[in-house]
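Structure first, then comments.
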Amino acid sequence: MRRVIIDTDPGTDDALALLMALNCPDLHIEGITTVGGNATLAHTTRNALRLVEYVAGGRDVLVAAGADRPAQGSFSFAYHVHGTDGLGVDLPSTARKLHRADAVELIRDRALAAPGSVTVIALGPLTNVAAALDGRPDVAQAISEIVVMGGAVEVPGNVTPHAEFNIYEDPWSADAVFSSGVSVTLIGLDVTHRTFMRRDAGPQWFEGDSRSARLGNRILANSFRERADVQEFYLHDPLAVAAAIEPDILACRLAQVSVVTDGEQRGHTVVSYGDGPVRVALEVNVRRAVEVVRTLISD
Ligand code: RIB
Ligand code: CA
């Protein structure tokens, strides 16, 4: 049983990642923390609460809200990708309440309660994670690993030619996390652009009649309907969860990683291979990754 905190900006692919985690018997979700990014913090937090209630109603899953802006400036959002409210599909409203503490406090509390046992799976800008580590070497020591969906090392970015969205949105926080000394697995576009669901594989991308299968199919159907020119739905965040469950899905190289924080190359992940705290994912077992995603969302 792997103890995880999921930091997320749902977001359509985040939503699939949360469905996987909530359905996975091998993960114990210590908490879900929300951050702005794909959408406003208000939208990502509302989406997270509704997703948890819709698929795991009655379960005691802590949800805490975090940063509504990056370390500097503001988020640029991606409603054109994820839909008007960041999810693109309507979910029932919920009375589920936020945790009494904020995202930073939840990350710190859960990590310090079980030193060396908690993995943070970061699916959005790294603002909350960097804040939790800031000035707290005890927290850095306590977190076992940070599995990050982010970066573009040997491939072009998806926001600019140099930068992937999560890193571009808050390069300062990403640079701080990569230099914190905490063990990081960096799952970037190098592997997530190879891991996707095809439009023509639908409309039953996920099998069965469970709530998560039906919701997963609705999310993909709506995403493809709203983006007529798109043939693949990239499984960016689902791959991060799949890799946290089965690390052998990825082949990685150790490196030191820093991030360009301004100018034309803002958000570029600069990698120096050799010894270092970051495992950079460069190869992926696509067949197995997609199988893990489909199995955990189908019933
Ligand atoms: O670049 C892809 C990443 O940015 C994913 O996490 C997606 O949800 C967005 O946050
Ligand atoms: Ca995300």
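The values are calculated or read from the model by the stated rules, or taken from the named source; none is laboratory data. Please read these numbers as outputs of a predicted model, since none were measured by experiment. When we count neighbours, we look across all protein chains shown, and the Cβ atoms used for this are built from the backbone with ideal geometry, even at glycine.
Key figures for this structure:
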item	result
Any hit, the range 209-224, residues being among the aliphatic types (A, V, I, L, M) and either within 16 Å of ligand 2 (Cβ to nearest atom) or in contact with a strand residue (DSSP E or B) (Cβ under 6 Å, 6 or more places away or on another chain) (or both)	yes
Identity of the residue in the range 70-85, more than 16 Å from ligand 2 (Cβ to nearest atom) and at pLDDT 95 or above, that ends up surrounded by the most Cβ atoms within 10 Å (Cβ to Cβ)	Ala71
Criterion (within 12 Å of ligand 1 (Cβ to nearest atom) and of a type in the set (D, E, K, R)) met by exactly one of Glu169, Glu207	Glu169
Wholly enclosed helices (runs of 4 or more DSSP H) of the range 153-192 bearing at least 2 residues surrounded by 24 or more Cβ atoms within 10 Å (Cβ to Cβ) and touching a Pro at 6+ places or on another chain (Cβ under 7 Å)	165-169
All positions within the range 164-186 that are among the aliphatic types (A, V, I, L, M) and within 19 Å of Leu239 (Cβ to Cβ)	Ile167, Ala174, Val177, Val184, Leu186
Near pairs, Cβ below 7 angstrom, 6+ apart or cross-chain, from the range 19-41 (touching a residue at least 60 places away in the same chain (Cβ under 8 Å)) to any residue that is surrounded by fewer than 21 Cβ atoms within 10 Å (Cβ to Cβ) and in a strand (DSSP E or B)	Asp26/Arg2; Leu27/Arg2; Glu30/Arg3
Failed criterion for Leu133 (all others in (1) in contact with a Phe, Trp or Tyr (Cβ under 9 Å, 6 or more places away or on another chain); (2) closer than 22 Å to Val241 by Cβ hold)	(1)
Ala71, sole failed condition from (1) within 16 Å of ligand 1 (Cβ to nearest atom); (2) out of contact with any Leu (no Cβ under 6 Å at 6 or more places or on another chain)	(1)
Total residues in the range 215-249, condition more than 16 Å from ligand 1 (Cβ to nearest atom), out of contact with any Phe, Trp or Tyr (no Cβ under 8 Å at 6 or more places or on another chain) and either outside any helix (DSSP H, G or I) or more than 17 Å from Ala122 (Cβ to Cβ) (or both)	9
Failed item, numbered, when Val139 is tested on (1) within 14 Å of ligand 1 (Cβ to nearest atom); (2) in contact with a helix residue (DSSP H, G or I) (Cβ under 6 Å, 6 or more places away or on another chain)	(1)
Among residues of the range 274-298, those that are part of a loop (DSSP other than H, G, I, E, B) and within 26 Å of Ser180 (Cβ to Cβ), counted	4
Scan of the range 8-46 for residues that are of a type in the set (A, V, I, L, M) and either farther than 24 Å from Arg108 by Cβ or within 15 Å of ligand 1 (Cβ to nearest atom) (or both), ordered by number	Ala15, Leu16, Ala17, Leu18, Leu19, Met20, Ala21, Ile32, Val35, Ala39, Leu41
Test for Val153: is it within 30 Å of Val286 (Cα to Cα) and of a type outside the set (S, T, N, Q)	yes
Inter-residue pairs, beta-carbon under 6 Å, first of a type outside the set (Asp, Glu) and in the range 115-126, second away from ligand 2 (no atom under 16 Å from the Cβ) and not in a strand (DSSP E or B), 6+ apart	Pro115/Ala142; Val118/Arg110; Val118/Ala111
When residues of the range 101-129 are limited to those that are small (Gly, Ala, Ser) and under 15 Å from the mean Cα position of the chain (by Cα), the one farthest from ligand 2 (Cβ to nearest atom)	Ala103
